[in-house]
1. Provide the FRET efficiency to the nearest 0.05 for the Lys293-Glu316 pair, computing r from the beta carbons and using R0 = 22 Å.
2. Need one number: nm distance between label points at Leu422 and Arg103, each 7 Å from Cα along Cα→Cβ, rounded to one decimal.
3. Given the options Asn279, Ile69, Gly184, identify the residue whose Cα lies farthest towards the positive end of the charge dipole of the chain (+1 on Cβ of Lys, Arg; -1 on Cβ of Asp, Glu).
4. Whole percent per 10 Å bin, from 0 to the bin with the longest distance: what is P(r) over all C-alpha pairs of region 246-422?
5. Using r as the Cβ-Cβ distance of Thr68 and Asn120, and R0 as 22 Å, what FRET efficiency do you calculate, to the nearest 0.05?
6. Quick check: residue separation of Thr348 and Ser180 times 0.36 nm, minus the Cα distance between them. What number comes out in nm?
7. Phe382 to Glu150: FRET efficiency via 1/(1 + (r/R0)^6), r the Cβ-Cβ distance, R0 45 Å, to the nearest 0.05?
8. Cut-off is 10 Å between beta-carbons; in what order do Ser142, Ser55 appear when sorted fewest neighbours first?
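Read-outs throughout are calculated quantities, based only on the coordinates presented, and are distinct from any laboratory measurement. Predicted model only: the values in this text are computed from it and were never measured. Glycine gets a Cβ as well: all are built from the backbone with ideal geometry, and neighbour counts include every protein chain shown.
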Amino acid sequence: MKLFFTILLFVGSITVYSQKKILTHSDIQMWRTINNEKISTDGNYVVYDLQRENSDSQLILKTSNGETILEYDRASNGQFSYDSNFLAFTIKPSSDSINDMKRRKVKKDKLPKDSLAVFNMRTKELVKFPNLKSYKLPEEWSGYVAYLLEDVKETKASKSKESDSTSTEKEKKKKSKKVSKKNGYHLVVYDLEKKERDTFNYITNYTFAKKGKKMAFASTGNEDNENEGVYILDVKTDKLIHIFNTPKSKYAKLSFSESGERFAFVVDSDTTKVQIRPNEIYTWHEGSTSVNKLLDNTNTPDGYLVSSDGDVTFSEDETKLYFGLRLPPVIKDTTLLKDEIVNVEVWTYNEPRLYTVQELQVKNDTIKSFKTVYNFKLDKLFQIGEKDFPNVELTDKGNAQMALVNTTTPYELESQWTGRRL
């Protein structure tokens, strides 16, 4: 009898096992993953992307009760306004269409561009803005969205209408300035409630203050490269201040304090191709119409230069400014011909990092910076991180008088066989 039940159970288990569906590639292609999930500030809404492998994503907006409010194909990167009244997201062209155009060797600037969509949570109204490059929302205040526009190409029909019909007239027209990474893009500041737009031309960088109703941007100027520089816009009073202007300068790391009462940025005003870039750090404070040069390469700690890659941030109490200093780069001999340059890569077994890791990190190593602080109250500069102790951890949101510095170098060789991430 026991033998009978044993055989019965064995046969039954084989039958159940044989009924299980075997996963195939077609099943895996049907899986969908959730990405970019965000919860509104008031906790009443959630937005996320549903992504299937090798297909367009779908944006889903739901209430906290699970009710679906909006489903939008080819959409992603949803962000709520701080008051939870608006949802902004990106609409992308069909991936199949893009791939087909790439196969036909269509130029990159002729491919369809992204669009910005703004959904009103109260009225359920959806507005769209084409030719999107990027967009930002204020972190802890509401009412506006800022976005950059890609270049809008003229059609052949419009060009023919504008061309002169007289073939004998050969006036040389001035080459118009075009939007690009170097020249900047057109920035639009959109009032979500009033549905009004302000446009600023040829913007290379822009940012919002976290809490104060201010934004800043750097411009390369108008068609004649006039009025270039750094601007601060007080959104509350609609007052625009031109705080810095140096011809053909490059601006990086535009950063506000949380309240927007202080502002800092890095500028490179040298138009030559010198390898050691003469970066400078400038600061601005509320009520001032100009900036103050805080630091340049002539008054940095010995052996260090101002970095345009290190993060520029303020402490929460706004008494300290944190930025990066870097080691001088390796100077290349520009007098050598291409055939005279010898590239040799040498690695030994007892180096802290594997050769493959060094290859992967080579770009990060060349722009590595070390955190430094300027104390406004004491009017003093303190270098925190350095070559021997590069890693810095701030405490109390940067307000504290102490920071923790450390290095992983002594343990990197051991990590090659322990597998421990440092």
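1. 0.35
2. With each label point 7 Å from Cα toward Cβ, the separation is 4.9 nm.
3. Ile69
4. Calculated over all Cα pairs of region 246-422, the distribution is 8, 30, 31, 21, 9, 2 percent.
5. 0.85
6. Extra length from Thr348 to Ser180 when fully extended: 56.1 nm.
7. The pair Phe382/Glu150 has a calculated efficiency of 0.55.
8. Ascending number of Cβ neighbours within 10 Å: Ser55, Ser142.
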